[in-house]
Number of protein chains: 2
Amino acid sequence: MDGKGRFLLVAAIGLVVGVVLGVVIGYFSRQAGSAPWAEELVRDGDDSVGRRVQEEILPENIEANLRRLTSVPHIAGRPMDLGQAEELRDRWLQYGLDSARLTPYDILLSYPSSDDNSPSRVTLMEANGTVVIQSQVEEAPLDEYQTDPNIVPPFNAYSGSGDVEGELVYVNYGRVEDFFHLQRDLNIDPAGKICIARYGSIFRGDKAEKAEQFGCLGLIIYSDPADYSARGYPVYPDGWMLPPSGVQRGTLMIAQGDPLTPFYPANEYAYRLSEEEAKVVSGLPTIPVHPIGFGVGIELLRYLGGNEAPAEWRGDLNITYRTGPGFQHPHTGRRVRLQVNVQNEVKRTYNVIGIIEGSVEPDRYVIMGNHRDAWVFGSVDPSSGSAVQEEVARAFGKLKQEGWRPRRSLVFASWGAEEYGLIGSTEWVEEYSKVLSERAVAYLNIDIAALGNFTFRSIASPAMFQSVFDATKKVPDPAVNPAGSSYNSVYDSWAAKLPKDAGNPNSVPTIGQLGSGSDYTPFFQHLGISSIDIRFICDPAVISYYALYHSSYETFDLVKKFIDPEFKVHQAVGRVLAEMALDLADSLVLPIDPTAYSTALQDIAASVRTEYSTQFAEQGISLDHLNSAVDNFTSAAQRLKRRMADIDRKNPLAVRVVNDQLMQLERGFIDPLGLPGREWYRHVVYAPSAHNSYAGQAFPGLADAMFDIENAVNQTARWEEVKKQLAITTYTVQSAATAIEEGGL
Amino acid sequence: MDGKGRFLLVAAIGLVVGVVLGVVIGYFSRQAGSAPWAEELVRDGDDSVGRRVQEEILPENIEANLRRLTSVPHIAGRPMDLGQAEELRDRWLQYGLDSARLTPYDILLSYPSSDDNSPSRVTLMEANGTVVIQSQVEEAPLDEYQTDPNIVPPFNAYSGSGDVEGELVYVNYGRVEDFFHLQRDLNIDPAGKICIARYGSIFRGDKAEKAEQFGCLGLIIYSDPADYSARGYPVYPDGWMLPPSGVQRGTLMIAQGDPLTPFYPANEYAYRLSEEEAKVVSGLPTIPVHPIGFGVGIELLRYLGGNEAPAEWRGDLNITYRTGPGFQHPHTGRRVRLQVNVQNEVKRTYNVIGIIEGSVEPDRYVIMGNHRDAWVFGSVDPSSGSAVQEEVARAFGKLKQEGWRPRRSLVFASWGAEEYGLIGSTEWVEEYSKVLSERAVAYLNIDIAALGNFTFRSIASPAMFQSVFDATKKVPDPAVNPAGSSYNSVYDSWAAKLPKDAGNPNSVPTIGQLGSGSDYTPFFQHLGISSIDIRFICDPAVISYYALYHSSYETFDLVKKFIDPEFKVHQAVGRVLAEMALDLADSLVLPIDPTAYSTALQDIAASVRTEYSTQFAEQGISLDHLNSAVDNFTSAAQRLKRRMADIDRKNPLAVRVVNDQLMQLERGFIDPLGLPGREWYRHVVYAPSAHNSYAGQAFPGLADAMFDIENAVNQTARWEEVKKQLAITTYTVQSAATAIEEGGL
C-alpha cells in the first residue's frame, strides 16, 4: 500500500467510524428532539407511584382529620355545612390540588320543628289518658358530647306532620312481604291503625311508603336489639352496641336529589315544584313517621294483643312478640298517640370539588367522592370516609408537588346533604350530566370508611372488579391487634372472609350489586358511570351493621375505642382508594375487564331463566332473544379484551379508541327513558330494588313487572308489561354489545 | 505537518465528514423507523384529494343511475324495496367500499286497500244523489310511464278509513291559525263538516291533525295552482307545472319512525303497540283524509256557499273562493261524500349501510344519508339524491382503490320508508343510538338533490355552517345553459341568490333551521348529531316548490327535460356533498366553528326578548338567566375556537380532546326527557314546529308553552309551564356551554 493508499484507508476508516458515531448521535438526538410528546403519550402507569402514595397515607393524619370533623354536629343546611366546606376547600388548595371550589344548591331539607312546645313523640296511654310511657325528645346524655346544643333530635326527614291516635299493629320490618303476610295470611288490616315496624332489613323510606300504601295512620320505627345489638357485647359508652335510648335518624325520601327539582339541578333559576307536587313526584310520605329507641319500643310491644307474631318476626326484646291490633287484657283500653312535627325548608348545601389535572388526557376524570354531612357527629357515617378521603387528597397533592401528575384528571368531591337523599351529589350530577357522560372514567365512592375492622367489602359495577382486585392485592392487610394480620394483603383477607365461592380456597372475594344508599347512585344509576363503593365492615356473625348508626352516640370515641384505635383500617381503605384511582388514572389501557361484565350478565340471565321460565312458558314468552343478546355481549366483550391485549401500545389514538369504549361500556346500559314509574333510574341492568332502595335489583324492569304478578288485578296488562320490559332489556343489552364493537355500525 | 499529523488530519476530516453524514442518515432513518404512526396521526387533510374526488364525480353516471332507479315505482315495503337495496349493496361493494349490508325492519306501513271495489274517492252529489263530479282513482295517463301496474294510486298514508258525507267547509291551508280564524273571526264551526284544505304552507300531517282536533268529519286536500303552478308555464308533460289530474301523495304521520315501536328499533323481538294504541301514541289520524287534484278541487269549491274567503285564503283557480259551509243557490242541496279505504300492514323495509373505514380514527363516523323509497317513480324525491349519493360513493370507492383512506370513517346510508315518516332512518338511529351518540361526527342528508336549477340551498345546524361554506366555495357553479354560469362557485351563486343580509354584497348565504321532513330528523332532533340537508332549488320567484311533488308525473323525463338536462346541477350537489364529507373526515381539527352556534343562539335569544318581553314583564318573568346562559355559551365557544387555533397540532391526543368537544357540542343541547308532549324530540334549541313539522322552531319548549297563551283555559298552569320551560332551556344552554369548556367541571 502506498502513501496515497494509506491516506485513503485512514480517511475511509475515519469516515466509517464517523458515520457509525453520527448515526448513533443522529438517531438518538432525533428521539428527543422531534416528538417530545410521543413517549409521554404512550407511557404506562408505574407501580412506584402507588408505593409512594401508599407510604404517604398516614393513620395519624386520618385520626386528626376525624377528630376535627367530629368535634361538632354537621347536619346539612346548617352553618357547619358551609363552614366545613370552606375549610376543606382551603385545605385541598393547600395540599396542592390544582383547583378546589364550592358548588351551592338550594334544596328542600327537613328538620324537627323549631317549636319546642310541640316536639315529635310517641305516647302510650291508658284508656283514661294517663301516660304509660312517652318517648324522649333527645337521646340520654351517656357521654360528654351529648350536651352539644346543635345535636338534632331524633326524627325522620320528610315525614308528614300530624297528631294521630289509634290502635297499634306490629308489622315486623315493614316490608311489602310483611304487609302481604299480615293482610293475606293473618287477616289483619293495618289500615286506620298506627303501625310499628322495626328498623333493619330494608331502607326506612320503603317502610314508610308501604305503611302509607297499606293505609296506616302513622308509622313508628324502633331499633330492636336483634338487629342493633349482639348478646354479650356491652352497649355504648362501654361498648359499641345500641343502648335503649339510642335512636336511628334518617330520611324517608326514596327518590334521589332535591325533591323540588327532579332531573334538573337546584340552582338559582331552577323551576321548583310546590311541596305538594313534590310529595307525589318525589315520593315523600304524607303520614307521620317517627323513630324511637327500644327502651320505649319494648313498652309499646310488651302487652300488644292479637296472635303471637310469626317466628321470623320476633326480635330480641325479652317479651312475647304479638301482631296486635290493640293490647291484651288487662291493657285493652290502651292507645298510642303519635305526634310528629317536622318542617321542610329550602336551604343551601355545598359540595366541594377539587381537581388534579391530568397531564395527557385532562378530559378524562376519575372521581373520588364522599359525603360530608352527618346526622349528628357522624364519626362513622360519613366522617370516617371524609377523614380518609382528605388524607388521600393530601397524599396525591404531595406527589403532585414532587413533580408527578396523573395521566388522567383526579377529581375529589365532598358532597352535601347526602343523608337526606344523596342530594348534593345528585344535583351536581344533574348539573354536569353532559360533561360527566362524555368524560368520566369511573366514580369511586367512600361513604363510611370503616364501620368495623373485620374485612374489606365492596359493592360495584362489574367494570370495577379488576381494578379493586388489583388495588386490594397491593395494600397490606391492616393489623388491628398487636399480633398483626395473618393475611398478606387486604385482598387475601377479603377473599378468605367473604369468598364468592365459599368452598373454594382460591375463590375471588364476593362483590355485591349496587343498589342505592350512597352517592354512587346518581353516577351509576342515572348516568351509567362505572362505580364502586368500598369500606371495612364488622363481622356479620356478630351483627349485620354497626349498632349506633345515625344515633348521637356515633362519636369520635366510638371509632377510637372500639373500631380502629390505631386508624390502620382507615389507612388501608385510603390506600385501596388511592391505588384504584391511580390504576384508573395512570394506566395506559384502562384497567377494566369487559368480560367481568359479560360473566355478570350471564349469571343474571341464568337466574332469570331459573326464576321465570315456567311462568314464561305458560304465557308463550321466549327468553331466546334475551339469551342471544347476552351471548352477543359476551362475544363482544371477549373481542374487546383481545383488542386491549393486541393493541399497538405505541399509538396513542389506537389506545384512546379502546379506552373510550371501555369508559363507555357502562353507558351502554342506560335507557334514556328510564325505568317505568321511576324514570330517573336509567340503568337497565342494575337498579335499587323497588321494595328496598338499599338493595340492588338485576334487570329491574323485568323484575318489577313480574313482582307479585299472581295477584295483579289486570293480568293481561301486567303480562303485556312483562313482554315490553323483556324487549327493552334485550334491546339494551344488545345495544351495549354493539357499543363496544370495533366496527359498531 | 509530518506524516503522522497528516494521517491524523485526514482521519479527523474523514471522521467529521462521516459524523455529519451519519447524523443526517441516523436522524432521518429514525423518523421512518421509530414511530411510523407519528406523522400519520397528525397529518391534516389535503386539498388535492378534494380535487380528485370532484374530478371523479361525473354527470353521465348520475344520469345513468337516475334512469335505472326511476325505471320502476319503488314504494317502501313492496318487492322493489328489497330489490333495489340488494342491488345497491352489491354496487357499493363493487365500488370498493369496505363493507355494505342490509338492515331490515318490520314496520307499520299503509297502502290503498287492495279491494278494487271500494277505492278511496271524493264525490260531489246533487241533493238527489246524482253525481256532479267524482275524483279518479288514478292520475290521467299523460305519459308512457303511467301504464305501470305498480303505480300506487293517490292516497294519504295512515289515513283513517271511512265513508262520510256532509257539508263542505274550506279551511285554506288547514293551519291552526286558519282554524282559529274560521272559528273566532268568521264564526264558522268546522265540527261535523267535511273540510277541504289546500296543500302547501305546512306539512299535510299537521293539516289532518288540526282537522281532527277541530272536529271535522273528514279532510280533502287538493293542490291549488297558486301553490303548484306558475302562470305562463306549461303543465306536464309539456312543462314542469302540475296538470289538473296531478295529485300529491304523502304521509299523515307527525311522529317519526315505526308507529308501533316508538323509541325502540322495530326488530324481530320488539314490543309492538296495537294499532289503536299507535294512533294515540304516534298521532295517526282517525278521520278519513284524501288528496285530490285541482281538476276535481275546482268543482268542489266553485259553488261553495258562505262568505267570500279572506284575501290570503284565495288560490289561483278562476273562481270566487268562499268558506262554506254548504253550497250557494241554486246548488244548496249538494253534498260531498268522502270514501277512504286505506289499509295499514306490518311490512319489511331495508336500509343499506356502506362503510369506508378511517385509517386513523375508524371510530369517528361521517354519515351521508339519502332515502331510497319513493311514492311512485320519485325522479326528484328522492332518486335525484340517490343517483348523486351513489356516484359519490363510487368516487370515494375509486380513491380508496387508488390507495387513499380517510382519517375518519365514511358511512353511506340508503334509507327505506322515509316517505311514511322517516322510518328506516329512525329505526336505525334507535338501534344504534349508543354508538352514534358516542362516535358520529356529522350527518349529511341529501334527499332531493335538485328540484330545480336555480341555486344551492341548505338547512343545517350552525355547527355545519363552516363546512358547507368551505365546500361550496370549492365547487364550480354548474352551468345549466350553454352560456355557462356567471358565478365562480356554488357559494358565490348561493350567496348572491339567497343572501342572509339582503342589502350586503358580501353577505354569507342564508341557511335555514332544521325542522323535520327528511332523515336528518332522528340524527339531529333525537340524538343531537350535527346535521345538514342540501339540495338545489327552483327560483322562489316562480314557484315555492316543485309542482309535480309526489305525483306519478315525477318521472325521469321531468328531470332530463326540465330540471337538469346535462346533470351538471346534480354533479355540483354531489361535489358539495363529497367536499363536506372529506372536510369532516380528513381534517386534523374538525371544521366546526363553535362561534357559529353562539351567534345563532344570540339571535334566537334576541328574538325571544323581542317577542315575549312585554308579556314576561307582566308576569314577573325575567330573561336574565337565559341571557347569561347564552353569553356563557358564547364565551365558551370563543375559548374553544381559540384552543382550536392554539392547539399543539403535533400531539394527536390534544387534537382528539378538542375534536371530541366539537363533535359533542351539539349533544349538549339534548335533554333526555325530551320536549313536553313529544318526548322523542330532544333537541332543546331546534325542533320541528308543533304546528308545521316541516319548519324549524327555535327554543321549542318555550314557544310551545307560549303558543296562543292568551286563549289558554288555565292561564296559571300555562304560565307555570312557561316558567318551567324557560328554566329547562336556560339549564340546557348552560349545560352545553359547560360541555365545551376545557375544564368542564
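The values are calculated or read from the model by the stated rules, or taken from the named source; none is laboratory data. Everything quoted here is computed from the prediction, not taken from an experiment. Note: ideal-geometry Cβ built from the backbone for every residue, glycine included; neighbour counts use all protein chains shown.
General observations
- Residue check for A:GLY83: within 23 Å of A:GLN401 (Cα to Cα), at pLDDT 70 or above and outside any loop (DSSP other than H, G, I, E, B): no
- With respect to (1) surrounded by fewer than 21 Cβ atoms within 10 Å (Cβ to Cβ); (2) not assigned by TED's automatic domain parsing to the domain that holds B:ASP631, the lone exception for B:LEU745 is condition (1).
- Residue in segment A:533-541 that is part of a strand (DSSP E or B), surrounded by fewer than 24 Cβ atoms within 10 Å (Cβ to Cβ) and of a type in the set (Val, Ile, Thr) present: yes
- So A:ILE298, is it modelled with pLDDT of 95 or more, out of contact with any helix residue (DSSP H, G or I) (no Cβ under 8 Å at 6 or more places or on another chain), surrounded by fewer than 20 Cβ atoms within 10 Å (Cβ to Cβ) and not hydroxyl-bearing (Ser, Thr, Tyr): yes
- A search for C-beta distances below 8 Å between a residue of segment B:107-128 that is at pLDDT below 90 and any residue that is surrounded by fewer than 18 Cβ atoms within 10 Å (Cβ to Cβ), counting only pairs 6+ apart in sequence or on different chains, returns B:SER114/B:GLN343.
For (1) over 19 Å from B:ASP583 (Cα atoms); (2) of a type in the set (A, V, I, L, M); (3) part of a helix (DSSP H, G or I), each residue gets a yes or a no:
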position: B:ILE459; (1), (2), (3): no, yes, no
position: B:PHE465; (1), (2), (3): no, no, yes
position: B:ALA496; (1), (2), (3): yes, yes, yes
position: B:PRO505; (1), (2), (3): yes, no, no
position: B:LEU514; (1), (2), (3): yes, yes, no
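- Scope segment A:252-281; condition over 23 Å from the mean Cα position of the chain (by Cα) and in a loop (DSSP other than H, G, I, E, B); matching residues: A:ASN267, A:GLU268, A:TYR269, A:ALA270, A:TYR271, A:ARG272, A:LEU273, A:SER274
- Some residue of segment A:258-269 being among the small types (Gly, Ala, Ser), within 14 Å of chain B (Cβ to nearest Cβ) and surrounded by 24 or more Cβ atoms within 10 Å (Cβ to Cβ): yes
- From the options B:VAL49, B:VAL53, B:VAL19, residue that is more than 9 Å from chain A (Cβ to nearest Cβ), part of a helix (DSSP H, G or I) and either at pLDDT below 70 or over 30 Å from B:LYS561 (Cα atoms) (or both): B:VAL49
- One residue stands out in segment A:704-727 among those that are more than 14 Å from every other protein chain (Cβ to nearest Cβ) and crowded, with 19+ Cβ neighbours inside 10 Å: the one that is nearest to B:GLU361 (Cα to Cα), namely A:ASP704.
- Of all residues in segment A:192-219, those being within 22 Å of A:THR123 (Cβ to Cβ), surrounded by fewer than 24 Cβ atoms within 10 Å (Cβ to Cβ) and touching a residue at least 40 places away in the same chain (Cβ under 8 Å) number 2.
- For A:PHE456, the requirement of being touching a strand residue (DSSP E or B) at 6+ places or on another chain (Cβ under 9 Å), surrounded by fewer than 24 Cβ atoms within 10 Å (Cβ to Cβ) and either among the aromatic types (Phe, Trp, Tyr) or under 27 Å from A:ALA698 (Cβ atoms) (or both) is not met.
- Residues being within 12 Å of another protein chain (Cβ to nearest Cβ), among the polar types (S, T, N, Q) and closer than 30 Å to B:VAL42 by Cα are entirely absent from segment B:385-407.
- Of everything in segment A:661-698 that is in contact with a strand residue (DSSP E or B) (Cβ under 7 Å, 6 or more places away or on another chain) and facing chain B (nearest Cβ under 9 Å), the residue that is surrounded by the most Cβ atoms within 10 Å (Cβ to Cβ) is A:ILE670.
- The one condition in (1) within 25 Å of B:ALA483 (Cα to Cα); (2) surrounded by 19 or more Cβ atoms within 10 Å (Cβ to Cβ) that B:LEU590 fails to fulfil: (1)
- Selection of segment B:728-745 for residues being facing chain A (nearest Cβ under 8 Å), touching a residue at least 24 places away in the same chain (Cβ under 8 Å) and hydrophobic (A, V, I, L, M, F, W, C) yields B:ILE728, B:ALA736, B:ALA739.
- Residue check for A:THR599: buried (at least 18 other Cβ atoms within 10 Å of the Cβ) and not in a loop (DSSP other than H, G, I, E, B): no
- Note on segment B:470-494: residues that are on the phi < 0 side of the Ramachandran plot, free of Cβ contacts under 8 Å to residues at least 40 places away in the same chain and not in a strand (DSSP E or B) amount to 12.
- Members of segment A:479-515 found to be out of contact with any helix residue (DSSP H, G or I) (no Cβ under 9 Å at 6 or more places or on another chain), of a type in the set (A, V, I, L, M, F, W, C) and more than 18 Å from A:GLN466 (Cβ to Cβ), listed by number: A:ALA483, A:ALA496, A:ALA502
- Qualifying residue in segment B:641-659 (condition: closer than 25 Å to A:TYR264 by Cβ and within 14 Å of chain A (Cβ to nearest Cβ)): no
- Residues located in segment A:505-528, provided they are hydrophobic (A, V, I, L, M, F, W, C) and either free of Cβ contacts under 8 Å to residues at least 12 places away in the same chain or farther than 23 Å from A:ARG575 by Cβ (or both): A:PHE524, A:LEU527
- Residue-level check: of (1) of a type outside the set (Val, Ile, Thr); (2) within 12 Å of chain A (Cβ to nearest Cβ); (3) within 26 Å of the chain's Cα centre (by Cα), B:GLU361 misses just (3).
- You will find that of B:VAL376, B:VAL388, B:VAL346, the residue that is surrounded by 24 or more Cβ atoms within 10 Å (Cβ to Cβ), closer than 18 Å to B:ARG78 by Cβ and among the aliphatic types (A, V, I, L, M) is B:VAL376 and no other.
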